[in-house]
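A.B. asks: Following this message is one structure expressed as structure tokens.
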Amino acid sequence: MTNDVTLTSYSGLDDRIVIIRAGDEVDAVFVGTDRFNVLIDTLGTPSQCRHALNMLADRMQGRPLIVVNSHMDWDHFWGNRAVSGAPIIAHQSAIERLRDPSALRTLAEKRKTESRFNEVELVSPNLTFSGDGMTLHGGDLTLHLFHTPGHTPDHLAVWIPEIETCLAVDAVEHPIPEVWSSAPEDLRSLCSSLNAIRGLKAKHLVLAHGQTSDPSIVDRNIAYFENIQNAVAHIPASALEQEVLDDREGMMLEDFIELPAGMSVETLEFYRRCHRSNLAATFATRRASRPAGPEKTNASVA
Ligand SMILES: [Zn+2]
């Protein structure tokens, strides 16, 4: 994994948008509007975030900075200390995630693995919205922040209608997104968030992982979930209680998607874990939808 910060863009993407790339760790996004600048996510450390802001200095043009935290996964908000004087917007459920003891536990664990996390403090968002969304009126550009739960309960994406651009962050991911838990409602949320994003018909779909703005990724993500659902529907009921799901024949990650060329072993292992979570949620959904009472088998019919 590399995490050096660089600025980049995609072909055809409006030049008021800058992609802030922390190596292959994560992408954040800067949007310059007439009235203010918006930073969507602050990367994994304050130093990375500060570095990005320095590189963006000539684009700031004295306009105020508004920060948006897409969700409380470490790679998206641990840089908040670098912007703690700015308004930091998030969905209300982000606050609940931060209050959960697991937030500090993750920080303690990551500090053990890499010293760059020693400077991280958990800086909370200071403006939150509940419900479906809120809107930032930048004058030339409008940023609709809309709740897209499923990957995490607090996840939000950003839709900028004037330039038909959606900043999907982690709601859409290349090659696959990961569901929050194996609870059927989380899988349902993730699928409806994917459908909501597909409904926008964005020309540019900017992701935080996968380094692409290809709008067809959302179709591929939806097809992936439909395909695992179909595959799980054909598994005999007697096998549904098994713990290990993804080493069954026809159930491996590569049975459902084409693995991106040149993917590192580490990244592949990460997406295998995502696939395992998604399969577990799909199995749980099927178990939950099974009718109560004894199952009919051929033997009992005969
Ligand atoms: Zn992420």
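Each reported figure results from applying straightforward, stated rules to the coordinates on display, with no laboratory input. This is a predicted model, so every value here is computed, not measured. Counting neighbours? That spans all protein chains shown, and the Cβs are built from the backbone with ideal geometry, glycine included.
A.B. asks: Mind checking whether some residue in the range 192-203 is within 16 Å of the ligand (Cβ to nearest atom), touching a Ser or Thr at 6+ places or on another chain (Cβ under 9 Å), of a type in the set (G, A, S) and not in a loop (DSSP other than H, G, I, E, B)?
C.D. replies: Scanning the range 192-203 turns up at least one residue that is within 16 Å of the ligand (Cβ to nearest atom), touching a Ser or Thr at 6+ places or on another chain (Cβ under 9 Å), of a type in the set (G, A, S) and not in a loop (DSSP other than H, G, I, E, B).
Here's the yes/no breakdown for (1) under 30 Å from D34 (Cβ atoms); (2) crowded, with 22+ Cβ neighbours inside 10 Å; (3) of a type outside the set (F, W, Y):
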| site | (1), (2), (3) |
| --- | --- |
| A52 | yes, yes, yes |
| G85 | yes, no, yes |
| R99 | no, no, yes |
| S102 | no, no, yes |
| N126 | yes, no, yes |
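A.B. asks: Look at the range 192-238 and say how many of its residues are surrounded by fewer than 19 Cβ atoms within 10 Å (Cβ to Cβ) and touching a Leu at 6+ places or on another chain (Cβ under 6 Å).
C.D. replies: 1
A.B. asks: Which helices (runs of 4 or more DSSP H) sit wholly inside the range 64-149 and have at least 1 residues that are within 30 Å of D14 (Cβ to Cβ) and among the hydrophobic types (A, V, I, L, M, F, W, C)?
C.D. replies: 74-77, 92-99
A.B. asks: Within the range 35-55, how many residues turn out to be more than 14 Å from the ligand (Cβ to nearest atom), aliphatic (A, V, I, L, M) and within 24 Å of the chain's Cα centre (by Cα)?
C.D. replies: Number of matching residues: 4.
A.B. asks: Could you tell me whether any residue of the range 213-221 is of a type in the set (G, A, S), at negative phi and free of Cβ contacts under 8 Å to residues at least 24 places away in the same chain?
C.D. replies: yes
A.B. asks: Moving on to the next point. Within the range 129-151, how many residues are without any contact (Cβ under 8 Å) to a residue 60 or more places away in the chain and surrounded by fewer than 19 Cβ atoms within 10 Å (Cβ to Cβ)?
C.D. replies: So the answer is 9.
A.B. asks: Also: Given the structure, is D100 on the phi < 0 side of the Ramachandran plot, out of contact with any strand residue (DSSP E or B) (no Cβ under 7 Å at 6 or more places or on another chain) and within 16 Å of the ligand (Cβ to nearest atom)?
C.D. replies: Against the criterion (on the phi < 0 side of the Ramachandran plot, out of contact with any strand residue (DSSP E or B) (no Cβ under 7 Å at 6 or more places or on another chain) and within 16 Å of the ligand (Cβ to nearest atom)), D100 does not qualify.
A.B. asks: A further question on this structure: From the list G85, G32, which residue is without any contact (Cβ under 8 Å) to a residue 12 or more places away in the chain and either away from the ligand (no atom under 16 Å from the Cβ) or under 21 Å from E162 (Cα atoms) (or both)?
C.D. replies: The match here is G85.
A.B. asks: Filter the range 152-165 down to residues that are part of a strand (DSSP E or B) and within 16 Å of the ligand (Cβ to nearest atom) and give me whichever is surrounded by the fewest Cβ atoms within 10 Å (Cβ to Cβ).
C.D. replies: Applying the filter and picking the extreme gives V158.
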